[in-house]
Every structure is written in structure tokens, then in C-alpha cells.
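The values are calculated or read from the model by the stated rules, or taken from the named source; none is laboratory data. Keep in mind the model is a prediction, meaning the values are calculated, not measured. Here Cβ is always computed from backbone atoms with ideal geometry, including for glycine, and neighbour counts include all displayed protein chains.
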Amino acid sequence: MAQVTQERTSEPLTAPGAPVAALLARANRDANLAALAAGAERSLAVPEAAQPFAIAAVAHHGARRPVVVAVPNASTAERLAHEIGIWVGHDEVAVFPAWETLPFERVSPAPETMGRRLELMWRLRRLRDGAGDAGVPAVIVSPI
């Protein structure tokens, strides 16, 4: 069982949102989160209520960008992306939408869905090709 310690600090937290930002900045003190952010671990079991914080901490402290999160459905993806955005900023989180159709159906996905998928894939390709400011978000949440 992991040992939990509480550390008191006398650092002033005066800026708006500073208590939340201070939590994220101190998340690397947890050995499991630090190992995940460093790439030494590939997975971490986290209670559902703490998942947005843990994912934001990995994105904040990790060297790899983006952090890709797989979730079971589209509504979970949207909810989790919103909650992660509270920690890292909504511009730093993107949802890679599901197709919404099955492969054997003769229906095309919605144009908005295709557009969102193509935009994110284009950003990822620019990052791969070495574009310095590819506009890739820190976290990509994708339903499976």
C-alpha cells in the first residue's frame, strides 16, 4: 500500500486559480504520476473522480505531446475533455470524434464529424513533419 504524506507549505497563493494551479504543479511529487509522465509506466489505475486531474498532470509534466486518452463512448469523451480543460485550458484539449456509423452502413458520418477528425489529423501530421507550432493540443480524448 502506498504511503500518503501531507506537506504544508507557506508559499502564497494569491493569483486567481492559484490553488488549482499549485495542485497541478505539485503533482509530479507523486511517484506513480511522475513515472507515467516520464514514460516509465504505460498505465495507471485512477478513480473516476480523479481521472481529469491525473491526465492533466501527466500532460503538464510529461515530455510527450499529445497525451492520448481512450474512453468507451462519445459522451464520456466530451465530459472528460471538458473536465481536463478545467485543469490545462480548454484550448489544450481536443476530442477525436468517433465515426458514428458502422462500416457496413450506407450512411456517411456527419460533415462536422469528418471535419473535426481531419483537422486534428492535419495538426498531428504537421507535428510529425516538424512544424514548430502545429497547434496540437496537450491532450486528445478519443472514444473507441
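Couple of notes before you dig in:
- Index of the failed condition, F96 passing every other in (1) under 13 Å from S142 (Cβ atoms); (2) of a type in the set (F, W, Y); (3) surrounded by fewer than 17 Cβ atoms within 10 Å (Cβ to Cβ): (3)
- Scanning segment 21-42 for residues that are in a loop (DSSP other than H, G, I, E, B) and within 21 Å of G85 (Cα to Cα) turns up just one, R26.
- Residues considered: R106, R64, R79. Of these, the only one that is under 13 Å from the mean Cα position of the chain (by Cα), part of a loop (DSSP other than H, G, I, E, B) and not aromatic (F, W, Y) is R64.
- The single condition from (1) at positive phi; (2) touching a residue at least 12 places away in the same chain (Cβ under 8 Å) that G89 fails is (2).
- Among the residues of segment 93-126, those that are under 24 Å from P72 (Cβ atoms) and either touching a helix residue (DSSP H, G or I) at 6+ places or on another chain (Cβ under 7 Å) or among the aromatic types (F, W, Y) (or both) comprise V93, A94, V95, F96, P97, A98, W99, E100, F104.
- Output for segment 99-121, where each listed residue is surrounded by 12 or more Cβ atoms within 10 Å (Cβ to Cβ) and β-branched (V, I, T): T101, T113
- Looking across L80, L120, one residue alone is under 19 Å from G135 (Cβ atoms) and modelled with pLDDT of 85 or more. It is L120.
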